[in-house]
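Written below as structure tokens is the structure these notes are about.
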Amino acid sequence: MIFIAVSGKLSEEKILVETGGKEIFDNGWYGNLEAEKLELDLIEAASLLERGRLDIEKSGGGKFKFSEFFNFCGARDPRFIARWFIYKDLRERGLPVRMGFKGCDFRVYDRGAKPENAPAVKWIVFASAEDYPCELAQLEKAMKLAQNIRAVALWAVVDNDTDCTFYIINEVKP
């Protein structure tokens with residue numbers, strides 16, 4: 001299948017795709033689609049940019065190269081790099097990944113899940129770099145959120161070699 005890159009524009013902390021966004025949403029479940037317009041998180045946009053599926057217009061004209069956009073996002077969000085590598089790892093495993101809510105970074109569904117038949121969330125993922133501090137309260141909050149929505153909480157840690165390790169959070173004891 002041949003894909004043609006669609007064009008998106010930076011709008012605050014999101015990328016807006018006005019034409020061609022429905023195909024990206026339908027084929028990979030990226031972003032949020034409303035009235036044929038696709039709104040992408042910076043991480044989703046970086047993934048599509050890296051794969052050549054999206055061109056991102058700069059506000060001053062021209063288009064971002066992947067390295068430029070990656071550095072731009074990293075400057076805006078100190079957790080972007082860790083979140084990016086976790087997101088990329090999950091996508092490379094063939095898992096449908098959606099952006100998180102209520103403090104989690106990502107929602108992950110079973111392979112093959114599509115927007116039109118979305119089952120319940122299988123895992124909620126909290127991304128961290130190995131050198132970021134993690135408080136016990138964060139782990140407890142993650143576990144409680146997962147229990148409330150009947151999902152499994154994963155604490156995803158990316159090391160300095162960009163390898164990702166996933167830990168299941170079942171119980172937190174002080």
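The values are calculated or read from the model by the stated rules, or taken from the named source; none is laboratory data. Every value quoted in this text rests on a predicted model; they were computed, and no experiment measured them. All Cβ positions, even for glycine, are placed from backbone atoms using ideal geometry, and neighbour counts span all protein chains on display.
Working carefully through the options D110, D105, D41, find the one that is closer than 25 Å to V157 by Cβ, charged (D, E, K, R) and in contact with a Pro (Cβ under 7 Å, 6 or more places away or on another chain).
Being closer than 25 Å to V157 by Cβ, charged (D, E, K, R) and in contact with a Pro (Cβ under 7 Å, 6 or more places away or on another chain) holds for just one of D110, D105, D41, which is D110.
Kindly indicate whether any position in segment 159-166 is in the same structural domain as D89 (by TED's automatic domain parsing) and either crowded, with 18+ Cβ neighbours inside 10 Å or within 15 Å of the chain's Cα centre (by Cα) (or both).
The answer is yes; a qualifying residue exists.
Consider P78 carefully, then state whether it is within 30 Å of A153 (Cα to Cα) and loosely packed, with under 14 Cβ neighbours inside 10 Å.
Against the criterion (within 30 Å of A153 (Cα to Cα) and loosely packed, with under 14 Cβ neighbours inside 10 Å), P78 qualifies.
What are the residues in segment 134-158 that are surrounded by 14 or more Cβ atoms within 10 Å (Cβ to Cβ) and either among the basic types (K, R) or in contact with a Pro (Cβ under 7 Å, 6 or more places away or on another chain) (or both), if any?
K141
Against the definition (under 16 Å from K14 (Cα atoms) and assigned by TED's automatic domain parsing to the domain that holds C164), how does R98 come out, yes or no?
Here the answer is yes, as R98 does meet what is asked.
Scan segment 75-95 for residues that are in a helix (DSSP H, G or I) and farther than 18 Å from A46 by Cβ and jot them down.
Our first condition is that a residue be in a helix (DSSP H, G or I); within segment 75-95, this holds for 75-76, 80-92.
Once the filter is applied, which keeps residues that are in a helix (DSSP H, G or I) and farther than 18 Å from A46 by Cβ, segment 75-95 yields nothing.
Working only within segment 56-75, note down all residues that are more than 14 Å from G8 (Cβ to Cβ) and surrounded by 15 or more Cβ atoms within 10 Å (Cβ to Cβ).
F70, G74
Quick check on F85: is it in the same structural domain as K144 (by TED's automatic domain parsing) and either β-branched (V, I, T) or touching a Gly at 6+ places or on another chain (Cβ under 7 Å) (or both)?
no
Name the one entry in F85, F72 that is at pLDDT 90 or above, touching a Ser or Thr at 6+ places or on another chain (Cβ under 6 Å) and of a type outside the set (D, E, K, R).
After applying the criteria, what remains is F85.
Out of (1) in contact with a Cys (Cβ under 9 Å, 6 or more places away or on another chain); (2) surrounded by fewer than 16 Cβ atoms within 10 Å (Cβ to Cβ), what's the single condition that is false for F85?
Looking at each condition in turn, F85 falls short on (2).
Just a yes or no: is a residue in segment 28-48 loosely packed, with under 15 Cβ neighbours inside 10 Å, assigned to a helix (DSSP H, G or I) and either modelled with pLDDT under 95 or out of contact with any strand residue (DSSP E or B) (no Cβ under 7 Å at 6 or more places or on another chain) (or both)?
no
Looking only at segment 96-133, count how many residues are crowded, with 18+ Cβ neighbours inside 10 Å and not in a strand (DSSP E or B).
Qualifying residue count, segment 96-133: 7.
Taking segment 106-143, which residues are closer than 20 Å to F25 by Cβ and either touching a residue at least 60 places away in the same chain (Cβ under 8 Å) or within 11 Å of the chain's Cα centre (by Cα) (or both)?
F106, R107, V108, A113, K114, P115
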